[in-house]
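Student: Okay, handing you the structure first.
The values are calculated or read from the model by the stated rules, or taken from the named source; none is laboratory data. Computed from a prediction, not measured in an experiment: that's the story for all the values here. No Cβ is skipped: glycine too gets one built from the backbone with ideal geometry, and neighbour counts run over all protein chains shown. Note: areas computed on protein heavy atoms with side chains; ligands, DNA, RNA excluded. Shrake-Rupley method; radii C 1.70, N 1.55, O 1.52, S 1.80 Å.
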Amino acid sequence: METPLNCAEEQQPPPALPASWSTVTPQESPADRNDKGNAVGFVLVHAGAGYHSESKAKEYKHVCKRACQRAVDRLKAGALAVDAVTAALVELEDSPFTNAGMGSNLNLSGEIECDASIMDGKSLRYGAVGAVSGINNPVLVANRLLSEAQKGKLSAGRIPPCFLVGRGAHDWAVNHGIPPCPSEKMFSLSAYKRNKHKMELAEKVDTGFNHHSKKRRQASETVSSSLPTPYFSTWSDQAALLLDTMLENGSGLLDTVGAIVVDREGNVAAAVSSGGLAMKHPGRVGQAAHHGCGCWAENTSTLNPYSTAVSTSGCGEHLIRTMLARECSSAMQCEDAHQALLEAMQNKFISSPFLASEDCVLGGVIVLRCCRCSDAQPSPDIQAILVEFLWSHTTESMCVGYMSAQDGKAKTHISRLPPGAVAGQSLAIEGGVCRLVNTPTTVD
């Protein structure tokens, strides 16, 4: 098996460059190979698109490694893509360093409200929860909604739900055996108070700036303003500074963790989970719960030559209005995956007519596509799956990790915009290719 790696960043607007994949083959001992047996599969995870400080880089990478390992463990045990992607998300949600589950941001009322969704590429079913409180692993609820829907109609011919929100989602989860978790165990009260105080200060400064700007405009209609321009610039600069420092050290700038998986049968699945924006309005539901916005997974069909899986991160409102997950999935049916994603991020996101009023478009994606290898195999019993995987973001950075079931350990990377690139107007794109070989087990 080959595990490829590619690092090729692009600044937006980027030149139309062809994909340039490079490969490295991991060195394994005979004992390692025997232990892995016939395990086949691949996982790609992300810990959010936003800003990842250098001081916490080790923690971000470590949680991505653990998430990859959890998914691979499930694949080795024979699990399909949906179960493996759920396992990866649970690990990401359990980390205090991610904005999901245990480490979620708080809303204006000091409460945690989480969003999550999952999609199975084989059945095309989807499950999601929005603004749910008191559940440590919202992805488990989303997965349970997906699996319950596969059982068919409810009594009296009712269609089973695929998307629940708020208290209804919480009660449904508890009734289906998912344990509740007291919200006070899921967040840092001191961090909430610190961010709330900084936001209130920023609002006061911004209110003062607007008040004096109004007086200046009124005065200018009759006499020259008595307040010099630098005075107003000071108010504006103070507001901007406080808004920036409100989320210092990356706190609150990361939105939505996610994972995508391909299993031994070539099935794909995708999932996302998020605590939402820091200091968000109570009841706000981000892209992590919306169909076609947070994640997408679709197996190959007569219309689609490739199986595709996508998971997004970033500003939920931007991702919802562009339905970026589904757009990227559709783009992956083109011949050149690298170029297709580049054009999708540019035309369907940064320059999207749905975001024409936005001067800073923030988001990131991880994507994969796979198909059965067409090249001749040494034996008709040996099957191979070619997996192309990429990530792209318009934010300052994005932390990713990836691993195949035949790798000894996961690889992690914090992708950053090129020097001089402007977040929200530029993009970075990287990726690689992996060949998964499924060799039948022989019985003596």
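Student: Enumerate the calculated ³J(HN,Hα) couplings along region 428-434 in order (Karplus 6.51 cos²θ - 1.76 cosθ + 1.60, θ = phi - 60°), each rounded to whole Hz, writing x wherever the residue is Gly or Pro.
Tutor: The phi angles translate into 10, 9, 9, x, x, 9, 9 Hz.
Student: Calculate the spin-label point distance for GLU265 paired with GLU335, positioning each point 7 Å from the Cα along the beta-carbon direction, and give it in nanometres.
Tutor: Once both label points are built, they end up 3.3 nm from each other.
Student: I would also like to ask the following. If you rank TRP172, TRP296 by how much accessible surface each has, with a 1.4 Å probe, what is the order from largest down?
Tutor: TRP172, TRP296
Student: Taking the Cα centre of region 295-444 as the origin and placing charges on Cβ (Lys, Arg +1; Asp, Glu -1), which of LEU436, HIS413, TRP296 is farthest toward the positive end of the dipole?
Tutor: Checking the options against the dipole of region 295-444, the answer is HIS413.
Student: Given a cut-off of 28 Å, name the pairs among LYS65/LYS151; LYS122/LYS280; LYS56/LYS411 whose C-alpha atoms lie farther apart than that in the structure shown.
Tutor: In this structure, LYS65/LYS151; LYS122/LYS280 lie more than 28 Å apart at Cα.
Student: Taking the Cα-to-Cβ direction at VAL437 and at ASN304 and moving 7 Å from each Cα, how far apart do the two end points lie in nm?
Tutor: 2.9 nm
Student: Between TRP172, ALA116, VAL85, whose Cα lies farthest towards the positive end of the dipole of region 31-178 when Lys and Arg beta carbons carry +1 and Asp and Glu beta carbons carry -1, centred on the Cα centre?
Tutor: VAL85
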